[in-house]
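Visitor: Structure incoming, see below.
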Amino acid sequence: MDHGRRWIVVLVCAAVVIGAPWLAWAAEEHGGGGLISIDKSLIIQAVNFILLLIVLHRFLYKPLLAKMEERAGAIKKSLDEAQAARTEATRQQEENAARLKTAYLEAASIREQALKEAAEEQRRLVEGARAESQRMIEAAKAQMDADVRRAREELRREVGDLAVAVAEKLIRKSLHDEDHRRIVDEAIANIGRR
């Protein structure tokens, strides 16, 4: 309570204390003994009442006001702390949301990078496999060409040797057609066995 309101309370109490005897006196004038008689006991009662108000004001009202103000201060402090905690929680929540968003973005970036690297690795492996298979095909073709050339050379040598052997036999014998055919058939059969 502020200072002006205290004075209002004190003035109202004083008006009641001072006005009560007048009301009692007015009640006596209209016919009869009222509850309060106007004599020196009324003044003593008024003084006692004022002293009671002062004592109550000093020992009860002031501590009560101090406790009320203390309680109001504690409540205000609690509300301020709650507001600060709410603000901190909101800030923390926003910070956590920002961290989570950053983590999601980093994860997406890492995933995208990993997919790019995997695609690049796959492309390199496919190219390497193609190059290796092409090299193996070319090596096999070269080997086959070399084998064919060797087989042809060998066949030419054998045919040449065989032709020389047939010619020698033909020359040694004067051959008739029948002998000549028989020698050629033998030469062909020898080629088939080799």
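The values are calculated or read from the model by the stated rules, or taken from the named source; none is laboratory data. What you see is a predicted model; the values in this text were computed from it and never measured. For neighbour counting, all protein chains shown are included, and Cβ atoms are generated from backbone atoms with ideal geometry for every residue, glycine included. Quick note on the areas: whole protein, heavy atoms, side chains included, nothing else; ligands and nucleic acids left out. Shrake-Rupley method; radii C 1.70, N 1.55, O 1.52, S 1.80 Å.
Visitor: Determine if the range 94-104 includes at least one residue that is modelled with pLDDT under 90, small (Gly, Ala, Ser) and assigned to a helix (DSSP H, G or I).
Guide: Looking through the range 94-104, none of the residues is modelled with pLDDT under 90, small (Gly, Ala, Ser) and assigned to a helix (DSSP H, G or I).
Visitor: Given the criterion surrounded by 10 or more Cβ atoms within 10 Å (Cβ to Cβ), at pLDDT 90 or above and among the acidic types (Asp, Glu), identify the matching residue among GLU88, GLU28.
Guide: The match here is GLU88.
Visitor: Among residues belonging to the range 43-77 that are within 18 Å of ALA14 (Cα to Cα) and among the aromatic types (Phe, Trp, Tyr), point out the one that is most open to solvent (accessible area, probe 1.4 Å).
Guide: If we take residues in the range 43-77 being within 18 Å of ALA14 (Cα to Cα) and among the aromatic types (Phe, Trp, Tyr), then PHE49 is most open to solvent (accessible area, probe 1.4 Å).
Visitor: Restricted to the range 31-63, and to residues that are of a type in the set (S, T, N, Q) and assigned to a helix (DSSP H, G or I), which residue is modelled with the highest pLDDT?
Guide: Applying the filter and picking the extreme gives ASN48.
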